[in-house]
Structures are given as C-alpha cells and as structure tokens.
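Okay, so here's the structure we're looking at.
The values are calculated or read from the model by the stated rules, or taken from the named source; none is laboratory data. Just so we're clear, the structure is a prediction, and the values are computed from it rather than from any experiment. Here the Cβ is made from the backbone with ideal geometry for all residues, glycine too, and neighbour counts use every protein chain on show.
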Amino acid sequence: MTYQLIHRDRATRARAGVLHTPHGSVETPVFMPVGTQAAVKTVDPDLVARTGARIVLANTYHLLLQPGPAVVRRCGGLHGFMGWSGPILTDSGGFQVFSLPGRVIEEEGVRFPLEKGGGKTLVLTPEDSIRTQNDLGADIIMAFDECIPFPAEHGYAAASVERTLRWAERCLEAHGRPGDQALFGIVQGSVYPDLRERCARALVAMDFPGYAVGGVSVGEGHELMKRAVEMSEPFLPEGKPRYLMGVGKPEDVLEAVERGMDMFDCIIPAKFGRGGTLFTWTGKMRIRRPQYRKDRYPVDTSCGCPTCRRFSRAYLHHLFEVDEPLGKALATVHNLSFYTELMARARRAILEDRFRAFKDEFYAGYFDRRRRPGDGGA
C-alpha cells in the first residue's frame, strides 16, 4: 500500500490524496462503511458499491469468534468470503475488547469472558490480533492498542500509552504479510497533549505505513474530539495516510478533514438508516413521521442514489411502518451514498482551495431548520 498526497487546501490542513492498495485505489478523504461481521447490515455488496463506497471495514474481534479466521482464509480471505472485490480494512478488535464488562488488562494482552462461553475466558494478545488479521487478508490492518474510556486520569492514560507502544512493537514483529497488508499504528493519549505527542512520535519512529488517531468516540464529545486530532496530527508524516477511528456524524467528519485526517469509519449512517433516520443536504429526516405518509418526493430531491432515483418518501414510510426489512436496506443505501457524496464534494473543495467555504455552505443548509416543499429533512 502507498499513499499519494495530491493537494493541500491553502487555508486549512485539509488534504486530497490517493490510497493505492492491492485491491484498488481509493481517493481521499474517504468514508468507509462498516461491515462488522463481514457484511454491511441489510445491504448486498454490489449495492454497497453502487453507493460510491470503495473501501469497507470489518472487525477482527467478531470474526475471530464467528466464523473464525480459518474459515475465512479457506473461503479466499475476506474478499472472497464476503464477495467484496475492493479494498478492506480490519480493526484490531481493541475497541470491542476494551468495551467488554469484566475484561482484565495484562501485559500479555486482554483477558475477557466469552459472551456465550459458559464462564470461559479468552486472552487476546497483539500477536493473536495480527495473526487473525493476516488470515482475514484485509488490505489494511490495525495494531492492537489499549482504547481507554473518557474521562481518564493523566497517570492512567500515560501508562496506557506506554503499553500501547509496547504492543505496537509486538504487532510489527508478529506481522507475517507486510508485503500485501499495510499495518497502521494507533495514536492514543486521551485528551492530553503531551501524551498524544509522545505516542505519535514513538509510532512514527517505528515507521508504520499509516497512522490512526484512536481513543475518540468514547464519550469525549465534539469539541474534545477536535482537540484530540489537533494534538496528534502535527506529529504525523505528510506522506502517509491518517485515519480517524470511529467518527462519525457529518459535522465530526468535516471538522476532522479540516484538521488533516484522510480516512473515517462509523456505524452511524447504517445504524441511523436502519432506525429510519436519513441524512439529507438540508438536515436529518425521520421517515416514520406522519407527514411522509403520502409524500411522493424522493428522500432528497438533490440526491441521485439508487434509493432516491426509484422510491418515494411515502414508500419508505410504509416499509418502516410495516417493519419490512427492505426499508432498512433502502435507508442504509441512501445514507451511505450521502456520506460518499459528502466526501467527494469535500475533496473537490480541497482541490479548489475552498474547503472552509464548502464546510460553511454545508452547515448553512444542514443545520437550517426552515424547510421548503420538496426539501429533505424534518
């Protein structure tokens, strides 16, 4: 994997680039749909591709438990197993493990109770995570780190950073496929500038192919998320990709793009879609509201996604009212298309040196609660 920096916006830290992987090239900034268990919930891979998505994410922890890496490897790796021909990124499982009740952090790794294990426990180590990701065969894999909750005391966060750095070295040593899988290091440090700098500088010295900013979307809120990026980004190399993990809402993504991040993932567009909330250029639309029962307009009159080209708000409202799974699929397709188009417009604005103006224009429409007939949002 290589990264090509194409252009930096003159007034901000926003970047446009191209990520070259064994399964294709991806223009950045980019949003990656989350396919936690080797599937974007309710949506066929071909339809995911029709949303404009070029790279998807899957999760090591869940796939380690079911069906197991050996099954995935036997079926041609994740690409063959899930029928996705484009690039794939796998998370290390760290975020999921550290959110589990009853987990015990040891120098070797993390010990946690199996949800359906009848009292059995499992130890996940950096080596286990990397070996599993090697078997899964994603184009980009992540180091196993400690993702601490917010808030955290400085002393605990400092010890956690040092553990994350020791684990990062073990991940590099365990990595068996460096020629075709790019291993990213993850910057931790909570909301402490000295720790973010310490972690970033040490990881860069290890010379990873790319870097992620982790430890966000753990309850710190929008403003502290921005600060965490600002604390980390200056110490990351220009010529390698930067990935902000688990973010987020459209406004979170745009603020992070402005601060120099290239890659994003989050369950929000798919999860919100399955719940009947759709993103439009004039705000969020809750399709189950009674006002849409007879509405013949598409979800967003300015959207050209497969859902908006074919179906009305009235039809989606009906599908959700009768609990028809197709409604969840169509809403997810629309939301993923919205995020893909948001990133494409952001990229064009960067190339034209007008990213901040683009962001302001987007906010003016997205957060304006006054609606005209035919507009999306409610």
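Quick rundown of the values:
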{"read-out": "Which numbered condition K284 misses (of (1) surrounded by 16 or more Cβ atoms within 10 Å (Cβ to Cβ); (2) under 20 Å from L183 (Cβ atoms); (3) not hydrophobic (A, V, I, L, M, F, W, C))", "value": "(2)"}
{"read-out": "Filter result for E115 (charged (D, E, K, R) and closer than 26 Å to A168 by Cβ)", "value": "no"}
{"read-out": "Filtered residues of segment 243-289 (kept if part of a strand (DSSP E or B) and under 10 Å from the mean Cα position of the chain (by Cα))", "value": "Y243, L244, M263, F264, D265"}
{"read-out": "Number of the condition not met by T301 [criteria: (1) part of a loop (DSSP other than H, G, I, E, B); (2) in contact with a Cys (Cβ under 6 Å, 6 or more places away or on another chain); (3) of a type in the set (S, T, N, Q)]", "value": "(2)"}
{"read-out": "Residue satisfying all of: in segment 303-351; of a type in the set (S, T, Y) and free of Cβ contacts under 8 Å to residues at least 60 places away in the same chain; nearest to P45 (Cα to Cα) among these", "value": "T307"}
{"read-out": "Among (1) assigned to a loop (DSSP other than H, G, I, E, B); (2) among the hydrophobic types (A, V, I, L, M, F, W, C); (3) closer than 30 Å to L114 by Cα, the one test that L78 misses", "value": "(1)"}
{"read-out": "Checking L122 against (1) part of a strand (DSSP E or B); (2) touching a Phe, Trp or Tyr at 6+ places or on another chain (Cβ under 7 Å); (3) buried (at least 20 other Cβ atoms within 10 Å of the Cβ), the condition it does not meet", "value": "(3)"}
{"read-out": "Subset of segment 164-176 that is surrounded by 15 or more Cβ atoms within 10 Å (Cβ to Cβ) and out of contact with any strand residue (DSSP E or B) (no Cβ under 8 Å at 6 or more places or on another chain) - its residue that is farthest from M82 (Cα to Cα)", "value": "L165"}
{"read-out": "Selected residue (criterion: nearest to Q96 (Cα to Cα)) from residues of segment 126-178 that are aliphatic (A, V, I, L, M) and in a loop (DSSP other than H, G, I, E, B)", "value": "I148"}
{"read-out": "Test set (1) aromatic (F, W, Y); (2) surrounded by fewer than 24 Cβ atoms within 10 Å (Cβ to Cβ); (3) touching a helix residue (DSSP H, G or I) at 6+ places or on another chain (Cβ under 8 Å) - Y156 fails condition number", "value": "(3)"}
{"read-out": "Residue match in segment 309-329 (condition: surrounded by 16 or more Cβ atoms within 10 Å (Cβ to Cβ) and touching a strand residue (DSSP E or B) at 6+ places or on another chain (Cβ under 6 Å))", "value": "no"}
{"read-out": "Test for L203: is it in contact with a His (Cβ under 9 Å, 6 or more places away or on another chain), farther than 20 Å from T36 by Cβ and of a type outside the set (D, E)", "value": "no"}
{"read-out": "Matching residues in segment 1-37 - criterion: being farther than 24 Å from T60 by Cα, without any contact (Cβ under 8 Å) to a residue 24 or more places away in the chain and touching a Phe, Trp or Tyr at 6+ places or on another chain (Cβ under 9 Å)", "value": "V18"}
{"read-out": "Residue in segment 179-221 that is nearest to F150 (Cα to Cα), counting only those that are assigned to a loop (DSSP other than H, G, I, E, B) and free of Cβ contacts under 8 Å to residues at least 40 places away in the same chain", "value": "V216"}
{"read-out": "Candidates E223, E146, filtered to the one that is at pLDDT below 95 and more than 24 Å from F112 (Cα to Cα)", "value": "E223"}
{"read-out": "Residue match in segment 160-175 (condition: over 20 Å from Y243 (Cβ atoms) and of a type in the set (A, V, I, L, M, F, W, C))", "value": "yes"}
